[in-house]
Amino acid sequence: MAKPRPSYAVTLRIEIPYDDHAVPRITNEISYEDALITGIDMVRSDDEHLLFDVTCMTHDLNHAKKIRKKLQRTEGVIVHGIHDATVQAHLGGKIEVTLKRPLKTRQDLSKIYTPGVAAICERIVEDPSEARRLTIKRNTVAVVTDGTAVLGLGDIGPLAAMPVMEGKAALFKNFAGVDAWPVCLDTKDTEEIISIVKAIAPGFAGINLEDISAPRCFEIERRLREELDIPVFHDDQHGTAVVVLAALINALKVVGKKIEDVRIVVSGVGAAGNAIIRLLKSQGAYDIIGCGRNGALGAFREEADPDRNWLAQNTNPRQVQGSLKDVLAGADVFIGVSAGNILTGEDIATMAKDAVVFALANPTPEVDPGAAGKYASVVATGRSDYPNQINNVLAFPGLFRGMLDVRAHEVTDQMLVVAANAIAAAVEPAELNSAFIIPGVFTPDLAEKVAGAIREEFANGQQWAVAH
């Protein structure tokens, strides 16, 4: 059975007839149902009854309801309610707008709004670049989605995607001080999405595309990068690629191999797989095989999708054909961004000595991490309950912080590489080992280290135009 998850923490308020063994009996019942109790708080007690709260981690809300139902079948037990901590954390949303300046007097009003604001408007008319200095544009990013590829949920639409986009905005603010706002679009039309984002762009210094299904996401990002003068970043592609490169830099140090020498197999050639392969190639990786549902891509087969066909024509130099399991034999590195449970430990055993396995499908990895660990020297997943979590939050807050600070007009591969190296460097050489190749999400000042690397590399304006 799956482990209880912290994201499904619930509190049950329970009333029972008093006796010396009443509470242990209830907690044993809860634990027997595979919930992990993290706290017991007494609310009220007297000679006849006990009222107390039990907080526990469960698999999901249905699991919590099952526990409640079982407890209520016990004579004298009343479960007054289930407090779902996840639901409570989302009530009314997770972000808000606050004022940076006081607005309490007529003088405050005259400066912030009328008549003083007119002078600021005139400055921007004369010099549009002043908008980055004198408005929220300076520090604001739009988190744009159409809700077609949300987490592991798929096409759930823009309204249901809102909690995820709010969460993304919260991460921007918490880790890098960037003001981000969810922009959930009720359209799947590529041209309409491009048109809407272009129309709202004046209010933002960056666009973060999120959870837009492939292959439309490629065209949307490509066009917006061409037609806007602010950075456009598709996190599902390039955020993942940055963190994968950072982890691979350190993993290869652990196993004593060089990126230009290793054989790499990537399972999944959608948004993330495409970006990972392109970024790895830019860093000298040569022998890369991308695998889709029909097996290995290569020049031996023309692909209908242009982005997938680019991979077919520019990877797999040995022109190896076959299924994922076929081409995995002898590989040094496996990177999975596809589907759960498509490989076994025995498949990993066919890889080269000191293999590196990144099984990143969520919530179920491509191969069980424990089984993979019997044969591979380094194993990483996308999950928080195993070592070496590959998580995009390691990259995008600091990356955008740096871009906003240098007033960047675009995202380049070199910038992604700088971010990846900064993330990799956050693990000190003395700390580096098979269970610690990538810093944790809450590593102090990680976003600032990434932003600092971007500022140091690009603030002089030589690599791209910077608006001063």
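The values are calculated or read from the model by the stated rules, or taken from the named source; none is laboratory data. Everything quoted here is computed from the prediction, not taken from an experiment. All Cβ positions, even for glycine, are placed from backbone atoms using ideal geometry, and neighbour counts span all protein chains on display. Surface accessibility is based on the protein's heavy atoms, side chains included, excluding ligands, DNA and RNA. Shrake-Rupley method; radii C 1.70, N 1.55, O 1.52, S 1.80 Å.
Looking at segment 363-404, which trypsin sites (Lys or Arg not before Pro) are DSSP coil and have at most 14 other C-beta atoms within 10 Å of their C-beta?
Lys374
Just to verify a number: what accessible area does Glu29 come out at with the full protein assembly present, 1.4 Å probe, Å² rounded to tens?
70 Å²
Which log10 I(q)/I(0) values does segment 347-468 give at q = 0.14, 0.15, 0.22, 0.23 Å⁻¹ under the Debye formula, counting every alpha carbon as one identical point scatterer?
Here log10 of I(q) over I(0) equals -0.68, -0.74, -1.14, -1.20.
Got a sec? What order do Arg138, Arg13, Arg407, Arg308 fall in by accessible area at 1.4 Å, biggest, i.e. largest, first?
These residues rank, largest area first, as Arg138, Arg13, Arg308, Arg407.
Can you give the relative contact order of the chain as a percent, counting alpha carbon pairs under 8 Å and 6+ residues apart?
Reported as a whole number, the value is 11 percent.
For Thr381, Thr364, write out the residues from largest to smallest accessible area, computed with a 1.4 angstrom probe and no ligands counted.
Sorted by accessible area, descending: Thr364, Thr381.
For segment 75-122, which GluC sites (Glu not before Pro) are both in a DSSP coil and crowded by at most 11 other Cβ atoms within 10 Å?
Glu75, Glu96
Given an 8 Å cut-off on Cα distances and at least 6 residues of separation, report the relative contact order of segment 324-468 as a percent.
So the answer I get is 20 percent.
Which loop-located trypsin sites (Lys or Arg not before Pro) does segment 41-89 contain, where loop means any DSSP state but H, G, I, E or B and the Cβ has at most 15 other Cβ atoms within 10 Å?
Passing sites in segment 41-89 are Arg73.
May I ask you to work out the translational diffusion coefficient for the chain at 37 °C, viscosity 0.692 mPa s, via Stokes-Einstein with Rh from the Kirkwood sum over Cα pairs, reported in whole µm²/s?
The calculation lands on 133 µm²/s.
Once a ≥ b ≥ c are taken as the square roots of the eigenvalues of the Cα gyration tensor of segment 143-281, is the result rounded (a/c under 1.5), prolate (a/b larger than b/c) or oblate (a/b not larger than b/c)?
Because a/c hits 1.5 or more and a/b exceeds b/c, segment 143-281 counts as prolate.
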